[in-house]
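Here the structure comes first, spelled out in structure tokens, and everything after it is commentary.
The values are calculated or read from the model by the stated rules, or taken from the named source; none is laboratory data. Since this is a predicted model, take the numbers as computed values, not measurements. Note that each Cβ is placed from the backbone with ideal geometry, even for glycine, and that neighbours are counted across all protein chains shown. In case anyone asks, the SASA skips ligands and DNA or RNA and just uses the protein heavy atoms, side chains included. Shrake-Rupley method; radii C 1.70, N 1.55, O 1.52, S 1.80 Å.
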Amino acid sequence: MMAKMKCIDRPPEVEDNLLWDLLSKLLEFDPEKRITAEEALQYQYFIGLEAAANISPEQQELAKQAAYSELEGDIIIDKIDKDPTFIIAESEMKKLLQSQNPQYPLQDQTNIKQGKENDEDISDDEQLKLAMQISLQDKQQEPQL
């Protein structure tokens, strides 16, 4: 059946024209016509004015902080840390964590680390900071290739 298909029909959920254009080029059946991942990352959906307009002040500030940390000698900072398009703002991370699981699984670890009696004793900010710290520690412990 897939061999007979010429193209994929646009789903109604994909309203953004730039996104659909990019997806249709990535999902092209003919490998000679399909764009590469490198070409996709240079596509207007990611680098155009609309993409730049979606960068929050929080993302910009975090990118500046990363650049400053690098100047101060932080050797862990790389180009992705300084690019606001790759940064997820804390407010967005909170929304994501809460939407995935309102009782985020790291709460139990947080209680142990902080000596808190129950989940209500820990603010959302404390939970998010500890989750990010644990994630950073895990990243630092990964073997370097």
Study note, to complete from the structure: Taking protein heavy atoms only, a 1.4 Å probe, and rounding to whole percent, the accessible area of segment 1-92 owed to carbon and sulfur comes out at 58
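Test of understanding: what is the full-extension gain from Leu27 to Asn54, defined as 0.36 nm times their sequence separation minus their Cα-Cα distance?
Numbers: separation 27, 0.36 × 27 = 9.72 nm, distance 2.49 nm.
Using 0.36 nm per residue and subtracting the Cα-Cα distance, I get 7.2 nm.
So between Ile35 and Ile47, what do we pick up on full extension, going 0.36 nm a residue minus the alpha carbon distance? Please report the intermediate quantities before stating the final value.
Working: separation 12, 0.36 × 12 = 4.32 nm, distance 1.61 nm.
Length gained between Ile35 and Ile47: 2.7 nm.
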Point to revise | Reference-scaled alpha-carbon Rg (2.2 N^0.38 Å with N residues) for segment 56-99 | key: 1.23
Review point. Using r as the Cβ-Cβ distance of Arg10 and Ala67, and R0 as 41 Å, what FRET efficiency do you calculate, to the nearest 0.05?
Key: 0.55
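I'd like to check one number: the per residue accessible area of segment 56-99, probe 1.4 Å, reported in Å² as a whole number.
Normalised by residue count, the accessible surface of segment 56-99 is 73 Å².
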